[in-house]
């Protein structure tokens with residue numbers, strides 16, 4: 001109550017931020033169950049034996065962004081190198097969009113929550129001085145009481161912003177790792193498929 005309507009805004013931001021953080025964390029956890037090196041070792045073994053269908057099934061079973069890229073390559077097996085490469089590139093773009101979904105919400109909340117808190121603090125200080133001037137009485141105790149109440153907004157803004165910024169930085173690093181794995185997988189797949197088609 002001390003912070004006014006800005007604390008309501010910050011509370012809503014906090015709920016949205018936590019919901020997105022939880023959803024993204026669960027999504028990244030589900031999509032990172034298999035390591036790329038061990039996955040590619042198994043795929044290479046199947047391709048060398050000529051089991052392209054088994055390799056494609058393995059890709060679909062893995063359920064990771066890079067396995068989807070590998071599946072895109074295998075689905076165009078027998079086509080030209082350009083078609084295979086283009087299909088994998090399209091899959092990388094699609095997967096990247098899925099990985100980045102909702103992360104900008106957390107980033108925006110992290111960068112603006114502090115300013116919303118400061119805005120509430122400024123409004124609180126203005127109100128405190130207006131109350132003093134309208135009543136015509138009051139000393140340092142009245143001023144400090146009003147300011148201490150308004151500073152609640154700044155504290156709340158920091159409490160919302162810090163976890164959001166930390167989560168956003170974690171998400172960006174995680175997405176970069178996923179993209180690196182997808183690009184490496186696409187490169188390895190091109191070498192593997194073109195060598196097999198020759």
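So the values come out like this:
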item	result
Whichever residue in segment 130-145 is over 16 Å from residue 4 (Cα atoms) and surrounded by 13 or more Cβ atoms within 10 Å (Cβ to Cβ) and, among such residues, is modelled with the highest pLDDT	132
Residue within segment 167-175 that is at pLDDT below 90 and exposed (fewer than 13 other Cβ atoms within 10 Å of the Cβ) present	no
Residue ID - farthest from residue 174 (Cα to Cα), chosen from residues in segment 51-70 that are more than 29 Å from the chain's Cα centre (by Cα) and either touching a residue at least 60 places away in the same chain (Cβ under 8 Å) or surrounded by 13 or more Cβ atoms within 10 Å (Cβ to Cβ) (or both)	51
Spans of helices (runs of 4 or more DSSP H) in segment 1-107 with at least 2 residues out of contact with any helix residue (DSSP H, G or I) (no Cβ under 8 Å at 6 or more places or on another chain) and modelled with pLDDT of 95 or more	5-30, 81-100
Single unsatisfied condition, residue 148 versus (1) surrounded by fewer than 15 Cβ atoms within 10 Å (Cβ to Cβ); (2) modelled with pLDDT of 80 or more	(2)
Residue list for segment 77-93, filter: surrounded by fewer than 17 Cβ atoms within 10 Å (Cβ to Cβ) and touching a residue at least 12 places away in the same chain (Cβ under 8 Å)	77, 78, 81, 89, 90
Residue list for segment 102-130, filter: under 18 Å from residue 25 (Cβ atoms) and in contact (Cβ under 8 Å) with a residue 60 or more places away in the chain	102, 103, 105, 106, 107, 109, 110
Filter result for the condition that a residue is under 30 Å from residue 22 (Cα atoms) and modelled with pLDDT of 80 or more, over 116, 126	116
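The values are calculated or read from the model by the stated rules, or taken from the named source; none is laboratory data. What you see is a predicted model; the values in this text were computed from it and never measured. Every residue, glycine as well, gets a Cβ built from its backbone with ideal geometry; the counts of neighbours run over all protein chains shown.
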